[in-house]
Amino acid sequence: QVQLVESGGGLVQAGGSLRLSCAASGSIFGRNTMGWYRQAPGKQRDLVAHITSLGTTHYADSVKGRFTISRDNAKNTVYLQMNSLKPEDTTVYYCWLRGSVGSSWGQGTRVTVSS
């Protein structure tokens, strides 16, 4: 099993920044992909960004140029630097890992952007 623990959510004004962190532990072997999804109430969970263990990144169009994903493989930790935040970025953000034992999810961290 893999455990994912997120931190860094909170309340910020529009135009501000937040940094999310997610530390993975447990059965993590070999290469994997880590990332962030977000889900608004009543809607599907959408990809925000992901990064492979080799550093290849992918972003949703809605966050390109504003969010940056990075990782520290030695710490099994992924980060999401969120700049120029907008009210529409308000929702719960979930950490995700896909590895040799399948996919795992964090418990979610709430981000609220006030206008």
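Computed from the coordinates by the stated procedures, all read-outs in this text should not be read as laboratory data. Keep in mind that what you see is a predicted model, and the values were worked out from it rather than measured. Neighbour counts are summed over all protein chains in view; Cβ atoms, including those assigned to glycine, are modelled from backbone coordinates with ideal geometry.
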Expressed in angstrom and rounded, the centroid-to-centroid distance over alpha carbons for segment 3-38 and segment 55-70 is 13
Note to self: Kirkwood Rh of segment 17-66, Cα pairs, one decimal, Å, is 12.7
The answer for chymotrypsin sites (Phe, Trp or Tyr not before Pro) in segment 43-89 that fall in a DSSP coil and have at most 16 neighbouring Cβ atoms within 10 Å is none
In cubic angstrom per residue, the convex hull of the chain built on its Cα atoms measures 91
Residue-ordered couplings for segment 80-88, obtained by feeding phi - 60° into the Karplus form 6.51 cos²θ - 1.76 cosθ + 1.60 and rounding to whole Hz (Gly and Pro as x), are 10, 8, 10, 10, 6, 5, 10, x, 6
About its Cα centre, segment 68-115 carries a charge dipole, from +1 on Lys and Arg Cβ atoms and -1 on Asp and Glu Cβ atoms, whose size in debye to the nearest 20 is 120
